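Undergrad: One structure is given below, represented as structure tokens, and several questions about it will come after.
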Amino acid sequence: MSISALTSFIVSLVFFMGIATASHAQATKPAPPTPIDEKKVELGGTPWNPQWDQIIEKALPLEMLSSQVPPGVRRFCPRFYEMAETDKRAFWAYFFQALAGAEAGLNPNTSVRHIEPNVAKHDEVRGTARRSEGLLQLSYADQKRYGCDFNWQVDRVLKPNDPAKTILQPKNNLECGVKILVNQTIVQHKPLLTRSGYWSTLHPDGPSYRVFAKQMTNPPLACGLSTKSTIDKSATTKSVQDGANRRESPQ
């Protein structure tokens, strides 16, 4: 084989290996539905969008699929460290779905201004009292702290619940949430549940945590969690959304 032919072969091999690696890194699957997801459909509400699962799963760095994840993850997913990467991604998608259920009732346009002294904080980006916004109830200050894709200068002229706001767009909000959790668990080496964590719903033993814990009763089957959940184990966020669409379709 000539040198040029060998070089061409090596370049092609590296190219296709890169494609395979990228495809493997982004292998995704729909997460199971949380109790609130199923309840919203039952009551005629809008369920969790399975595309949000993909956003979360593709945003996860490899560290969140490794042994660097704090051992507290076993509380919700006993077999986490033994699972395939695709199942680990699905678990984190479920985790953030449960977090969004506890924080915002799965409503991406939720915008709350806190006035209670023990909750209200100053947002240095807005220059006013902080609002908690979107699926994961984040703030514009997170753009500076975690490099989130929020733009206050664009959003300031829009109404608080306008879905066009950069902070309310699910992709921006969920990707920011992943960055926050990575900073807590991987960078700072803090537990998954800690009183110094970003979300009060992940402060152990508090009233907000109990709301979150109720949503963590139907994780992926691969987790091996023994629960009394009555949700069909074959159900996914996609099947729930499909069911909601069928209900809305005219007969």
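Every read-out reported here was derived from the displayed coordinates using simple, explicitly stated rules and does not represent laboratory data. Predicted model only: the values in this text are computed from it and were never measured. Using ideal geometry, Cβ is built from the backbone for each residue, glycine included, and neighbour counts are taken over all protein chains shown.
Undergrad: Taking the Cα-to-Cβ direction at Lys214 and at Ser196 and moving 7 Å from each Cα, how far apart do the two end points lie in nm?
TA: 3.1
Undergrad: Each residue of the range 70-79 in order: what ³J(HN,Hα) in whole Hz does its phi give by Karplus 6.51 cos²θ - 1.76 cosθ + 1.60, θ = phi - 60°, with x for Gly and Pro?
TA: After applying 6.51 cos²θ - 1.76 cosθ + 1.60, I find x, x, x, 4, 5, 4, 9, 8, x, 9 Hz.
Undergrad: In addition: For the range 185-251, max minus min Cα coordinate along each principal axis, in Å, sorted largest first?
TA: Cα spread of the range 185-251 along its principal axes, largest to smallest: 52, 26, 26 Å.
Undergrad: May I pose another question? Just how many % of Cα pairs in the range 143-192 lie over 13 Å apart, if you round to the nearest whole percent? Provide the component values of the computation, followed by the final result.
TA: Numbers: 727 of 1225 pairs.
For the range 143-192, the fraction of Cα-Cα distances above 13 Å is 59 percent.
Undergrad: Between the alpha-carbon centers of the range 199-250 and the range 92-107, tell me the distance in whole angstrom.
TA: What the calculation gives is 9 Å, centre to centre.
Undergrad: Using the basic label-point model (7 angstrom from Cα toward the beta carbon), what is the Arg145 to Gln51 distance in nanometres?
TA: 2.9
Undergrad: Could I ask something else about it? Are any of the pairs Lys58/Lys165; Lys171/Lys214; Lys29/Lys159 more than 28 Å apart by Cα-Cα distance, and if so, which?
TA: Exceeds cut-off: Lys29/Lys159.
Undergrad: Over the range 25-79, one equal point on each Cα, no solvent: what is log10 I(q)/I(0) by the Debye formula at q = 0.30 Å⁻¹?
TA: Log10 I(q)/I(0), no solvent term: -1.13.
Undergrad: Could you give each residue of the range 81-94 its phi-based ³J(HN,Hα) in whole Hz, using Karplus coefficients 6.51, -1.76, 1.60 with θ = phi - 60°, and x for Gly or Pro?
TA: Calculated HN-Hα couplings, in order: 6, 9, 7, 5, 4, 4, 5, 5, 4, 5, 4, 5, 4, 5 Hz.
Undergrad: So how much slack lies between Thr227 and Arg79, counting 0.36 nm per residue of separation and subtracting their Cα-Cα distance, in nm?
TA: Full-extension gain reported as 51.9 nm.
Undergrad: Let me ask something additional. When every alpha-carbon pair in the range 49-109 is counted, what percent end up more than 17 Å apart? Walk me through the numbers before you get to the answer.
TA: Numbers: 719 of 1830 pairs.
That tail contains 39 percent of the Cα-Cα pairs.
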